Structures are given as structure tokens and as C-alpha cells.
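Peer 1: First the structure, which I've put down as C-alpha cells, then a few questions once you've had a look.
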Amino acid sequence: MLNLDTLLLVQICVTLLTTALLVASACYTQSPPEQRWWAVGNVAVSVGMTLGNFDSVPVFINSALSYGVIAFGLALVLRGLRVYCASSLSWTSIAIITAIAVLVAAYYSVVEPSLRARLCFSGFYFALLNWICAAAVARHGSWRVSGIAVAGFTLLGLALFLRGLHMVVDTDPADHASSLVIGLSALVVPLAQVCIAFGLIQMVMWRYAERLRRLSTLDALTAALNRAGLEVQGKRMFLRAQRAQRSIAVIMIDVDNFKVINDSYGHPVGDEVLRHLARVVKVELRPHDVLARFGGEEFVLVLDGVDLASAVKVAERVRARIEQEAVSLDKLTVNYTASMGVVCSDQHDYDLIRLISAGDAAMYEAKRAGRNRVAAG
């Protein structure tokens, strides 16, 4: 037999512990906003559950106000989930969610007192809110990352729904100590809360891990890959191309007289030149191509499934566009050019380092030939 008083105590303790965990994870500098919404929302739910368990307080506080605070907390959690998914939940919607819980609970507490109706409403309404939370994450998140949170919200909603359904068919809702359904739901609720807390923290950790991965592989100035990112993605590309026996081309790009630009106009203008070059090259990129800043003013463009002749045409388009477009910054307008070396795996095999070296040699040949030109190697 499941002891309801013990299960209720466990549920309250788990709620407090998971709330403390979420609050602790949100109380540090630069914590994401969604994490703060989740923490505040769980605090509100804990407060609402505490109010609902005080039998000595007026019935309005014990039922209507406690239900309203719980609904407000769930609405804040939903807002955090929407923020995590690059959306939002308006304060008007939060007010409506809260008001529905307060008004319905107040009606069945003061106007038409009915414990059974109140318990039915709370089970169905809070189940619905948890399922909405699950749907918000499921629509916009990867199951590998958010699956635990989705499962937790779904399971918690199911437990609350079954509790409400039991109240519909139970003729004496005040005497349910022996009810297996109520006992099982009281057992499932804390387990679901643990899943939700773990899942929410996992979602934030994954996002931070993704940001760190991007920071470790991207050039901060141009948003192109850095050398580490080029090594990782380039090797993958070469392996795929070699297995499929596709050609792979490498274009080495270097800004002409970049030191003169920095010395004449200042480093901010030089930085803008590099950003402009990266934007111009990205126009030519297909989803599976790779652009990396190799160092200083030198870039590497890796084209999958492109032979030497086609790669030369791509390089010529990029070179011509760079020559035609001017860079503007703080009322200064600067024109610049770039020299490029183009090589292909058909002549140099499927070796990224060898292709970069051959492309570098071809690029310097273009510079020796007068700059602002493309040379094939």
C-alpha cells in the first residue's frame, strides 16, 4: 500500500530540491535568461504547493491563490522554454493562464464549493500546461538534447491528468488514501520533476557546449572557420570526397598590400576589409563548402565536387567582385584587391596540407605576376 502522506512529503522535498538546483544554476554571472525564468517559475510552483498544503489558512488562499501561483510558475517556465527556442510568451498570456486558475478555483471554493470539481480542474489544467511545455520544447529542440525534459513534462502531465480523471469517477474524493491511482500519481510526480530539472539543465549545458565548440573553431573577426575548424571539417570533407571519388578544389586567397591598408587607414579599416572579404566569399559558398581564415589576411576556400577549371571560374568571380566593391568605415572608403591560387585534388591527391601548400605557392605566383589575379597550380 502506498502511503499518501509519505509520498506527499517526498513530492514536496523533491520540488524544493529541484527548485534549489535550478536556482543555484541560474545564480551566476551571464546565466541565460531562459535559465532564470525556469528558476523563478519553479520557485513560484514551490510557493503555490506550500500554500495549498496549509489547512489552517482561509479556503481562498488554500485553493484559489495557491492554484494561481502554481499556474503563474508554470507560465514562467513556459516563457523560459519559448525563450530557449528563440521565441517568447507575452505577459498577457501569462496573466490569462494565471487568471484562469484563480477564477475557476475561486468559483469551486467560494461560489459553488466542490472539492471534487476543484481537484478535477487542477489535474486537467496543470496537465495541459505541462503538455504545452513539452510541445514547446519538442517542436524546436533536438530529441537528443531535449528528450529528457520532454519526457518529464509529458510524464508529469500524464500523472496530473490521471489524478483529475480519477476525481471524475471517484464518488468520494475526500477519501482517496487507498486509491492506487492517486498513490501512483503521487509517486510519478517527483520522478517527473527530477527528469524536468535534469533535462532543463542538460539543454543549457548543451547550448553552452555548442557555443564553446563554435568559439573554438570560428574566427571571431570574420565568423569563418579558424585553422582548428578547417582541420576538423576539412578532413571530413576530404574523406567523403575520396570515398565518392569526387574532385576537391582549394582556393588560397590573400589581400594585396594589406600592411599598407593597416598603416594608411588604421587597423579598424583593415579588420573591415577582412570581414568584407569573408562576406564576398560566403556568397559563393554552397552548404557543404568550407571557408577558413588561415592566418592574418590569408583565407582558404575548399570546394567539394569541383574540378580545377570550375574552381578557377569561382575564384575569378570572387576576385572581380572584391575589385569592384569598396569598403566603407567611418566616412572612409577603401578599395582593395586580392590574389588567389587555385589547386585541385586531381593534380595533388586528397591531402589537405599538400593542397594548401600547393595553393599557397600558386597564390604567391599570382602576386609575383602583378597581384589582383588568379593563378592555377
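The values are calculated or read from the model by the stated rules, or taken from the named source; none is laboratory data. Bear in mind the structure is a predicted one, so any value in this text is a computation, not a measurement. Cβ placement follows ideal geometry from the backbone for every residue including glycine, while neighbour counts extend to all protein chains displayed. Remember, those area values only see protein heavy atoms, side chains included, never the ligands or the DNA or RNA. Shrake-Rupley method; radii C 1.70, N 1.55, O 1.52, S 1.80 Å.
Peer 1: Name the residue that is modelled with the lowest pLDDT, counting only residues in the stretch 198-235 that are in a helix (DSSP H, G or I) and of a type in the set (Asp, Glu). Walk me through how you get there before you give the answer.
Peer 2: At the first step, the residues of the stretch 198-235 found to be in a helix (DSSP H, G or I) are 198-217, 227-235.
Subsequent filtering for residues that are of a type in the set (Asp, Glu) retains 210, 231.
On the way: GLU210: 79, GLU231: 88.
So, considering only residues that are in a helix (DSSP H, G or I) and of a type in the set (Asp, Glu), the one modelled with the lowest pLDDT is GLU210.
Peer 1: Could you check, for the stretch 94-110, whether at least one of its residues is surrounded by fewer than 24 Cβ atoms within 10 Å (Cβ to Cβ), among the aliphatic types (A, V, I, L, M), within 30 Å of the chain's Cα centre (by Cα) and over 21 Å from VAL43 (Cα atoms)?
Peer 2: First, pick out the residues of the stretch 94-110 that are surrounded by fewer than 24 Cβ atoms within 10 Å (Cβ to Cβ): 94-100, 102-104, 106-110.
Subsequent filtering for residues that are among the aliphatic types (A, V, I, L, M) retains 94-97, 99-100, 102-104, 106, 110.
Retained after the next criterion (residues that are within 30 Å of the chain's Cα centre (by Cα)): 94-97.
So of that shortlist, the ones also over 21 Å from VAL43 (Cα atoms) come out as none.
Checked the stretch 94-110: no residue is surrounded by fewer than 24 Cβ atoms within 10 Å (Cβ to Cβ), among the aliphatic types (A, V, I, L, M), within 30 Å of the chain's Cα centre (by Cα) and over 21 Å from VAL43 (Cα atoms).
Peer 1: Suppose we filter the stretch 127-153 for residues that are open to solvent by less than 20 Å² (accessible area, probe 1.4 Å) and under 18 Å from ALA75 (Cα atoms); how many remain?
Peer 2: Within the stretch 127-153, residues that are open to solvent by less than 20 Å² (accessible area, probe 1.4 Å) and under 18 Å from ALA75 (Cα atoms) number 11.
Peer 1: Where residues in the stretch 34-56 are touching a Leu at 6+ places or on another chain (Cβ under 6 Å) and aromatic (Phe, Trp, Tyr), which of them is nearest to ALA197 (Cα to Cα)?
Peer 2: So, considering only residues that are touching a Leu at 6+ places or on another chain (Cβ under 6 Å) and aromatic (Phe, Trp, Tyr), the one nearest to ALA197 (Cα to Cα) is TRP38.
Peer 1: Name every residue in the stretch 239-292 that is open to solvent by less than 10 Å² (accessible area, probe 1.4 Å) and at pLDDT below 90, in order of residue number.
Peer 2: Once the filter is applied, which keeps residues that are open to solvent by less than 10 Å² (accessible area, probe 1.4 Å) and at pLDDT below 90, the stretch 239-292 yields only ALA241.
Residue by residue, here is whether (1) touching a Cys at 6+ places or on another chain (Cβ under 7 Å); (2) part of a helix (DSSP H, G or I); (3) open to solvent by 60 Å² or more (accessible area, probe 1.4 Å); (4) among the hydroxyl-bearing types (Ser, Thr, Tyr) holds:
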residue: ARG36; (1), (2), (3), (4): no, yes, yes, no
residue: GLY41; (1), (2), (3), (4): no, yes, no, no
residue: ALA44; (1), (2), (3), (4): no, yes, no, no
residue: PHE54; (1), (2), (3), (4): no, no, yes, no
residue: SER63; (1), (2), (3), (4): no, yes, no, yes
residue: ILE70; (1), (2), (3), (4): no, yes, no, no
residue: GLY73; (1), (2), (3), (4): no, yes, no, no
residue: VAL77; (1), (2), (3), (4): yes, yes, no, no
residue: VAL83; (1), (2), (3), (4): no, yes, no, no
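Peer 1: Also, I was wondering about something else. Counting just the residues of the stretch 309-337 that are more than 37 Å from the chain's Cα centre (by Cα) and crowded, with 18+ Cβ neighbours inside 10 Å, which one comes out farthest from SER264 (Cα to Cα)?
Peer 2: Top of the filtered list is VAL312.
Peer 1: What number of residues in the stretch 1-20 are modelled with pLDDT of 75 or more and of a type outside the set (S, T, N, Q)?
Peer 2: At the first step, the residues of the stretch 1-20 found to be modelled with pLDDT of 75 or more are 17-20.
In the following step, the residues that additionally are of a type outside the set (S, T, N, Q) were identified as 17, 20.
Qualifying residue count, the stretch 1-20: 2.
Peer 1: Among the residues that make up the stretch 103-118, is at least one of them in contact with a helix residue (DSSP H, G or I) (Cβ under 8 Å, 6 or more places away or on another chain), within 28 Å of SER142 (Cα to Cα) and outside any loop (DSSP other than H, G, I, E, B)?
Peer 2: No: zero hits.
Peer 1: Could you please give the count of residues in the stretch 195-226 that are over 13 Å from the mean Cα position of the chain (by Cα) and surrounded by 15 or more Cβ atoms within 10 Å (Cβ to Cβ)?
Peer 2: Looking only at that region, the number is 12.
Peer 1: Any idea which of VAL137, VAL150 is part of a helix (DSSP H, G or I) and touching a residue at least 60 places away in the same chain (Cβ under 8 Å)?
Peer 2: Working: VAL150 fails: touching a residue at least 60 places away in the same chain (Cβ under 8 Å).
Of the residues listed, the single one that is part of a helix (DSSP H, G or I) and touching a residue at least 60 places away in the same chain (Cβ under 8 Å) is VAL137.
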